[in-house]
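Working notes, structure below.
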Amino acid sequence: MYRNYIFDLYGTLVDIRTNERKKYLWEKMALYMRFQGAEYTAAELKQTYYNKINEQKKQKSVETSSKLGVYVPPEEIEASFEELIPDLYLAKGVSVSGEHTSDWAVTFRAISMEHLSLYEGALELLARLHESGRKVYLLSNAQRLFTEPEMRALGIYDSFDAVYYSSDAGFVKPSRHFYQKLLKEQGLNPAESVMVGNDDKADAWGAHDNGLDSIYVYTRQSPGMGSPLPANCQRINVISEVI
């Protein structure tokens, strides 16, 4: 066993299905915003939403690259809903509070969600790791605004010694900047740590490139594997097989 276990969330511990393509979602969110004075059609809101995400990633890529002195492509950058949502309103001349921003994110997620549950054995696994004296961390490509409420609803938020969301860090896995933020801030020795996830690139190869072993579990949310898993990756069938 390792001393430190770093988990991905969606598709690894949490079984989730969302659908942002359905027309109903954008119709209801446009109506929601019109009630607050921001006049959007469903099609306009959808297009503006994705345009602003891409714009934000490009802008942050330039800013982050300048700050770090090394090029960070937009693909490694995470958009922030804390900035995105107020921008959607401001485009229509409306200012909103942080509470309105949180409400928008949760409403959007609730309407787009089709399923949410823990994978069998996930909660018990986290408990067993703690009972055995291991440290447990979360490293997730996720937006805090809706992911934290979902984790609390599922009863696993307090199962981690520290939680790292890409929306807070500004980077997405497999970016080394995201991995190194957790490793350095928590003072982890990579040789004593393992990454557990369902994505071959973000989790298995991301861990490998940062000196970490990994455990890969394939679920229906896993992307298609573009290459073999790294040599220091163990493949399991279900999450309970981690230990």
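In Å, what Kirkwood hydrodynamic radius results for segment 158-228 from the alpha-carbon pair distances?
12.7
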Using a basic spin-label model with each label point 7 Å from the Cα along Cα→Cβ, how many nm lie between E120 and E27?
3.8
Give the angle, between 0 and 90 degrees and rounded to the nearest 10, that separates the Cα long axis of helix 81-90 from the longest principal axis of the Cα atoms of the chain.
10
Net charge (Lys, Arg +1; Asp, Glu -1) of residues whose beta-carbon lies under 9 Å from that of V196, V196 excluded, is -2
With at most 11 other Cβ atoms within 10 Å, longest stretch of the chain clear of loop chymotrypsin sites (Phe, Trp or Tyr not before Pro) (DSSP):
72-243
Spin-label model distance (nm) - Y71 vs M225, 7 Å beyond Cα toward Cβ
3.1
Per residue, how much accessible surface does segment 1-101 expose to a 1.4 Å probe? Answer in Å², no decimals.
54
Could you give the length gained on full extension between T48 and K184, defined as 0.36 nm per residue of separation minus the Cα-Cα distance, in nm?
45.3 nm
So the angle from the long Cα axis of helix 23-34 to the longest Cα principal axis of the chain, reported in degrees to the nearest 10, equals 60
May I ask you to give the solvent-accessible area per residue for segment 111-243, in square angstrom, as obtained with a 1.4 angstrom probe?
44
Find out how many positive minus negative residues lie around V94, taking Lys and Arg as positive, Asp and Glu as negative, among other residues whose Cβ is under 12 Å from that of V94.
0
From the alpha carbon gyration tensor of the chain, can you work out the equivalent ellipsoid semi-axes (sqrt of 5 times each eigenvalue) and give them in Å, largest to smallest?
33, 21, 16
DSSP beta bridges in the chain, what fraction antiparallel, as a percent rounded to 5?
20
26 Å Cα-Cα threshold exceeded, pairs from K57/K201; K23/K173; K57/K92; K22/K52; K57/K181; K58/K181
K23/K173
Mind jotting down the distance between the C-alpha centroids of segment 179-243 and segment 1-77, whole Å?
23
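The values are calculated or read from the model by the stated rules, or taken from the named source; none is laboratory data. Computed from a predicted structure; not experimentally measured. Ideal geometry is used to build each Cβ from the backbone, glycine not excepted, and the neighbour counts take in all protein chains shown. Protein only, heavy atoms only, side chains kept; ligands, DNA and RNA dropped before computing areas. Shrake-Rupley method; radii C 1.70, N 1.55, O 1.52, S 1.80 Å.
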